[in-house]
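The structure appears right after this line, and notes come after that.
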Amino acid sequence: PLLHQNGTIFWLQRDLALLPKDGRPISQRSDLAALYAQRAPLYARFADAVIDNNGTPEETVRKILEVLA
């Protein structure tokens with residue numbers, strides 16, 4: 001797909017309870033679980049790698065760099 005021509009696509013997965021809602025209009029008016037269920041198949045289809053993003057930013061960066069190595 002065209003998306004893959006620009007580089008590696010990462011899906012940064014984070015528990016919904018950890019996602020910030022302030023300043024995000026969609027998060028405030030939508031059921032995040034329903035939105036996630038709707039979008040997850042597309043994310044899975046196009047992701048080259050799935051990264052757990054429930055830790056610190058440093059941990060997430062380390063995981064991304066491991067995939068790119």
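Points to keep in mind about this one:
- Output for segment 41-68, where each listed residue is charged (D, E, K, R) and either touching a Lys or Arg at 6+ places or on another chain (Cβ under 8 Å) or within 16 Å of Leu18 (Cα to Cα) (or both): Asp52, Glu59
- Matching entry among Arg29, Arg14 (being at pLDDT below 95 and surrounded by 12 or more Cβ atoms within 10 Å (Cβ to Cβ)): Arg14
- Note on segment 35-60: among residues that are of a type in the set (Val, Ile, Thr) and surrounded by 12 or more Cβ atoms within 10 Å (Cβ to Cβ), the one that is farthest from the chain's Cα centre (by Cα) is Thr60.
The values are calculated or read from the model by the stated rules, or taken from the named source; none is laboratory data. These figures come from a predicted structure and were not determined experimentally. For neighbour counting, all protein chains shown are included, and Cβ atoms are generated from backbone atoms with ideal geometry for every residue, glycine included.
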